[in-house]
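Scroll down for the structure; my scribbles are underneath it.
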Amino acid sequence: MKAEAARSAAIWAVPMALAAALTALYWNVVPHLVEQWWQEEDYNHGFLILPLALYFVWNDRERLRTLSVRPNALGVGLLVFGLLMLVLGVVGAELFLQRSSLIVVLAGLVWLILGTAWLRALAFPIAFLFFLVPLPAIVMNAIAFPLQLFAAQTATFCLQAGGIPVLREGNVITLADTTLEVAEACSGIRSLQALLALGAVYGYFTQKATWKRWALLLVSIPIAIAANAFRVSGTGFLAHYFGSEMAQGFYHSFAGWIVFLVAFLMLLACGSILSRLPDRLSRSGLGTETRS
């Protein structure tokens, strides 16, 4: 009995020690991340990501039980890499490195303690955690401004095609009675992030083939960009025919929700098309291979 108690205590001691070490390392990192989720509406989705990732693991529990535990020393390299990211992030005051290092460290621990099979099985839930981490400001700005210009260009084209005189200077659209600025908040980057996360979740639950999951994730990018561009175009039409107040406040926000819903329906349609395709083509390209 004493031997069994000692063995049980040793089994629990390892995860508890790892949890304590991670808590000590990221004591100042995680609370500030959660605070940003709470304060900035662009990142409110962070509160949903971790529960979803845990659900993915729980949903796959039957397969995980069949995997054998085979520790792999290669996990040390990934673990050290993650810790170096943390050190560089602290020294350089780079929040993205600090926060994303936790995910890399978790992957390294899984590889080191449980083995390669477990790392492969948990690859999607672990990678999904990157949606928790806001992108660096320099990356956000590099992405947002081209999206602003594209939305302004598309809106200008649509308005001119509709017979409305319009002048565009950069991301500023001038109509006869009002001026619209495609600001960073209207770049569509918020809907892009949200649709990417939805695409990942939708692909996980509806597609078995890995390439189909990736296809859904990738197709969500042009869908989100196009949807936002046409939302800006619609705002221009409303402002021209009904006044500038229609381009602001409730109507502006409501239009954003409607367009995002349309974008999600387009994503569902793409998923439906992918579901009709074979999961894997044969080498000849004329038949399919079935999986049990």
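Does any residue of the range 175-197 turn out to be over 28 Å from VAL34 (Cα atoms) and in a helix (DSSP H, G or I)? Within the range 175-197, not a single residue is over 28 Å from VAL34 (Cα atoms) and in a helix (DSSP H, G or I). For the range 220-231, indicate whether the set of residues that are more than 19 Å from GLN153 (Cβ to Cβ), assigned to a helix (DSSP H, G or I), out of contact with any strand residue (DSSP E or B) (no Cβ under 8 Å at 6 or more places or on another chain) and at pLDDT 80 or above is non-empty. For the range 220-231, residues more than 19 Å from GLN153 (Cβ to Cβ), assigned to a helix (DSSP H, G or I), out of contact with any strand residue (DSSP E or B) (no Cβ under 8 Å at 6 or more places or on another chain) and at pLDDT 80 or above: present. The set of residues in the range 74-112 being under 20 Å from PHE56 (Cβ atoms) and either at pLDDT below 90 or among the aromatic types (Phe, Trp, Tyr) (or both) consists of TRP111 alone. The residue pairs whose first member lies in the range 32-44 and is in the same structural domain as GLU94 (by TED's automatic domain parsing), whose second member is among the charged types (D, E, K, R), and whose beta carbons are closer than 9 Å, counting only pairs six or more residues apart or on different chains, are HIS32/ARG99; LEU33/ARG99; GLU41/ARG190; ASP42/ARG190. Close contacts from the range 118-146, counting a first residue that is assigned to a helix (DSSP H, G or I) and a second that is polar (S, T, N, Q), with Cβ to Cβ under 7 Å and a gap of 6+ residues or different chains, come to PHE130/SER100; ALA144/SER187. For the range 165-181, taking the residues that are farther than 16 Å from PHE237 by Cβ and acidic (Asp, Glu), the one that is farthest from the chain's Cα centre (by Cα) is identified as GLU169. For the range 43-70, taking the residues that are basic (Lys, Arg) and assigned to a helix (DSSP H, G or I), the one that is nearest to LEU112 (Cα to Cα) is identified as ARG65.
The values are calculated or read from the model by the stated rules, or taken from the named source; none is laboratory data. Computed from a predicted model, the values in this text were never measured in an experiment. FYI the Cβ positions are ideal-geometry reconstructions off the backbone, even for glycines, and counts take in every protein chain you see.
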